[in-house]
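Reviewing the structure listed below.
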Amino acid sequence: MGNLLDTHLPGPAGRRFTVDAFASREQVWEALQAFRPADALAVRLLFSLRMLRWVRGPVLPFAEGLRRAGFQVVAERRPEEWVVGAAGRFWTPSARIVRLASSADFDAFREPGAAKAAMGFNLESLGPRHTRLTTETRVACFGAEAERAFGLYWRAVAPWSALLRRVMLRAVKADAERRASAVLAA
């Protein structure tokens, strides 16, 4: 994965998911930023189960939805890398997100009994109209209690998290390729 994820949450590689899109890196970036998770019924259902209530309201773009959920942009290098992160106790029903003011605060966060997670997106140009989009998630737990609690939580949610990633990558790929087709047709 790219340098930005390594910079902000170093450690062993997390779970990665990849898709190749026949679109420019810029078109894939635009599609990633425009992705609306709640447009996909499977995503809305899984988020609703996580929050123990049906997700309602406007369908927000991915970046805005993450921000409202307590994630922040930790780093970005357009259109190559984007890293978002959050800190809290993700295994609790409310996730007890800690609002962090800056990337430096994210980097410095080490509250005992809590964890921080970063999601990195790397866009690798394989040609003028061919881009590989990879997402990787890493988590750092602070203390044995946090490691145990997060481990139990992750065993339950990992398959659903994987499904969300696959749905997201397929949707971003489809949107990016629509954007590329529209440019070629113009």
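Details
- HN-Hα J in Hz across the stretch 134-139 - Karplus 6.51, -1.76, 1.60, θ = phi - 60°, x for Gly and Pro: 10, 10, 9, 10, 10, 9
- Remark on Leu60: its backbone amide H falls under 5 Å from those of Ala38, a criterion applied only to residues 5 or more positions apart or on other chains, H modelled at 1.01 Å from N.
- Against the empirical 2.2 N^0.38 Å (N residues), the stretch 3-185 has a Cα radius of gyration ratio of 1.04.
- Note on Val172, Val19: ascending count of other Cβ atoms within 10 Å places them as Val19, Val172, the fewest first.
- Computed from backbone phi with θ = phi - 60° and the Karplus coefficients 6.51, -1.76 and 1.60, the 3J(HN,Hα) list for the stretch 111-122 is 5, x, x, 10, 9, 10, 10, 10, 10, x, 10, 10 Hz; x is used for glycine and proline.
- Surrounding net charge for Ala182, when Lys and Arg each add one and Asp and Glu each subtract one, Cβ distance under 14 Å: -1
- Taking amide hydrogens as placed 1.01 Å from N in the peptide plane, the amide H of Arg15 sits under 5 Å from those of Thr137, each at least 5 positions away in sequence or on another chain.
- Residue-wise HN-Hα coupling along the stretch 145-150, computed from phi with Karplus coefficients 6.51, -1.76, 1.60 (Hz; x: Gly, Pro): 4, 5, 4, 5, 5, 5
- Cα centroid of the stretch 63-94 to Cα centroid of the stretch 122-186, whole Å: 13
- From its DSSP helices (H runs of at least four residues, each -39,500 (n - 2.57)), the chain gives a residue-normalised ellipticity at 222 nm of -14000 deg cm²/dmol.
- Net +/- balance of residues flanking Pro128 in space, Cβ distance below 13 Å, scoring K and R +1, D and E -1: +1
Readers should treat all values here as calculations from the given coordinates under stated rules, not as data from a laboratory. Source: prediction; values computed, not measured. With ideal geometry, Cβ positions are generated from the backbone for all residues, glycine too; neighbour counts draw on all protein chains shown.
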